[in-house]
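Q: So that we are looking at the same thing, I have put the structure below in C-alpha cells.
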C-alpha cells in the first residue's frame, strides 16, 4: 500500500534494501526501483537519496530511523516509531542533532555585499510516522468542524481489530512490541489530533487472564486525558466478529456529536449546516499522508506532524502497553 502511495505522490525510487537480496530484486523491479541492495550503510551514503522509508519489522525501526537521521536523510517510518523509552531517547537525540548540526559547515551559497560567501540556515531532516488517519478526508472535515468549538471534547473510539495468532511476530513483545504499541497507537494519535491538545494521562485495563484467552493484551480499553480538559476512551478489541465494522469514532461536544463509521460514513448531529459526508470507497488517508510528507520534503516545509507529537504518542503507547503487562 505504501509504495503505490509514494509513487502517486511523485517519488523517484532509487534503492530498495532488504535482508534477502533475491526478494529485494524481485520487489524492487516490480516497484520500479533503480537498485536493489542488502547494504544499509551504502544506501545511506548515496547522495542521490534524500529520503528513506523504514518499513521493516518493529524492533528495527528505532535503529534505522536514528541511523538515517544521522546520515542527514528525511525519514518516513511506518508505525510504531519505536518499542522502548530507551529507543525513543536515541531517536530524539538523533533528530535534535539532525536539525541542529552545530559547527558542521553547510554548503556555501550566495554572497554578502562584501563579497564573502554565506550559507542559508541549515534545513535539517524531517521525521514522519505513518499516522495516515489524520489525513483521511472525513477526519480532516471533523477537525475543521471541531476547530469552531472552544470547549473540551469527549471521544469514544472503538477498533474491532480482529484476532491474530499468539505466535505471530507482532504479538512478540521483543519483535513486534505487541498490538497496543504496534496498532492502537493509531487511535492515540488520532485522538491527539482531533483534541488539538497534549495528552497528560493514560490509564489502561486489559482482559483478565482466563482459560482460552492466549493474548489478553489485545483486548483492552484506555482512557486518555488532555491538557485542555478533553478526555476519551480507546477500545481496542481483538475478540469481535469480522462482520462488524472495524473502526468507529465518536466525538461529543457542546451539544453536538460527530460519528465516523469505518471511514465511509460521517454523520453530524446538532451541527449547523452539516449533516454528513459519505464516501463511495473507504479512505483512511494513506495516499494523502505520503503526499503531505513528500510535499514538505520538496518544498522545504515543516513536517506534517510535529516531531514533539510523534514522541508524545510513542511515550503514551509504551506507557499504555506497560500498564497492561503489569496487570
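The values are calculated or read from the model by the stated rules, or taken from the named source; none is laboratory data. Bear in mind that the values here come from a model prediction, so they are computed numbers and not experimental data. All Cβ positions, glycine included, derive from the backbone under ideal geometry; neighbour counts span all protein chains shown.
Q: Scan segment 29-48 for residues that are assigned to a loop (DSSP other than H, G, I, E, B) and crowded, with 18+ Cβ neighbours inside 10 Å and jot them down. Step through it out loud before you land on a result.
A: Initial filter on segment 29-48 (assigned to a loop (DSSP other than H, G, I, E, B)): 32-34, 38-39, 45-48.
33, the sole residue that qualifies.
Q: Just to be sure before I move on: is residue 69 in contact (Cβ under 8 Å) with a residue 24 or more places away in the chain, crowded, with 18+ Cβ neighbours inside 10 Å and not in a helix (DSSP H, G or I) in the structure I sent?
A: No; evaluated as a whole, the condition is false for this residue.
To keep it simple, each residue is scored yes or no on (1) surrounded by fewer than 20 Cβ atoms within 10 Å (Cβ to Cβ); (2) at pLDDT 95 or above; (3) assigned to a strand (DSSP E or B).
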{"site": "222", "(1), (2), (3)": "no, yes, yes"}
{"site": "225", "(1), (2), (3)": "yes, yes, yes"}
{"site": "228", "(1), (2), (3)": "yes, yes, no"}
{"site": "235", "(1), (2), (3)": "yes, yes, yes"}
{"site": "251", "(1), (2), (3)": "no, yes, yes"}
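Q: For segment 263-291, name all the residues that are under 30 Å from residue 180 (Cα atoms) and in a strand (DSSP E or B).
A: 265, 266, 267, 268, 277, 278
Q: Evaluate the following for residue 211: is it in contact (Cβ under 8 Å) with a residue 12 or more places away in the chain and not in a strand (DSSP E or B)?
A: Working: in contact (Cβ under 8 Å) with a residue 12 or more places away in the chain: no; not in a strand (DSSP E or B): yes.
So residue 211 fails the test.
Q: Then there's this: Being assigned to a loop (DSSP other than H, G, I, E, B), assigned by TED's automatic domain parsing to the domain that holds residue 140 and crowded, with 20+ Cβ neighbours inside 10 Å: is that true of residue 305 here?
A: Yes; evaluated as a whole, the condition is true for this residue.
Q: Go through segment 86-172 and tell me which strands (runs of 3 or more DSSP E), entirely inside it, have 2 or more residues that are loosely packed, with under 13 Cβ neighbours inside 10 Å and at pLDDT below 95.
A: Of the strands (runs of 3 or more DSSP E) lying wholly inside segment 86-172, those with at least 2 residues that are loosely packed, with under 13 Cβ neighbours inside 10 Å and at pLDDT below 95 span 109-111.
Q: Residue check, residue 25 against (1) surrounded by fewer than 19 Cβ atoms within 10 Å (Cβ to Cβ); (2) touching a strand residue (DSSP E or B) at 6+ places or on another chain (Cβ under 6 Å); (3) under 26 Å from residue 288 (Cβ atoms), all met but one. Which one?
A: If we test residue 25 against (1) surrounded by fewer than 19 Cβ atoms within 10 Å (Cβ to Cβ); (2) touching a strand residue (DSSP E or B) at 6+ places or on another chain (Cβ under 6 Å); (3) under 26 Å from residue 288 (Cβ atoms), just (3) comes out false.
Q: Check 294, 258 and return the single one that is under 18 Å from the mean Cα position of the chain (by Cα), surrounded by 17 or more Cβ atoms within 10 Å (Cβ to Cβ), touching a residue at least 40 places away in the same chain (Cβ under 8 Å) and outside any loop (DSSP other than H, G, I, E, B). So that I can check it myself, show each step before the final result.
A: Values: 258 fails: under 18 Å from the mean Cα position of the chain (by Cα).
None of the others qualify; the one that does is 294.
Q: I need a count of the residues in segment 214-255 that are free of Cβ contacts under 8 Å to residues at least 40 places away in the same chain and within 21 Å of the chain's Cα centre (by Cα).
A: Of the residues in segment 214-255, 3 are free of Cβ contacts under 8 Å to residues at least 40 places away in the same chain and within 21 Å of the chain's Cα centre (by Cα).
Q: Looking only at segment 273-287, decide whether some residue is in contact (Cβ under 8 Å) with a residue 12 or more places away in the chain, touching a helix residue (DSSP H, G or I) at 6+ places or on another chain (Cβ under 9 Å), surrounded by fewer than 18 Cβ atoms within 10 Å (Cβ to Cβ) and over 10 Å from residue 138 (Cα atoms).
A: Looking through segment 273-287, at least one residue is in contact (Cβ under 8 Å) with a residue 12 or more places away in the chain, touching a helix residue (DSSP H, G or I) at 6+ places or on another chain (Cβ under 9 Å), surrounded by fewer than 18 Cβ atoms within 10 Å (Cβ to Cβ) and over 10 Å from residue 138 (Cα atoms).
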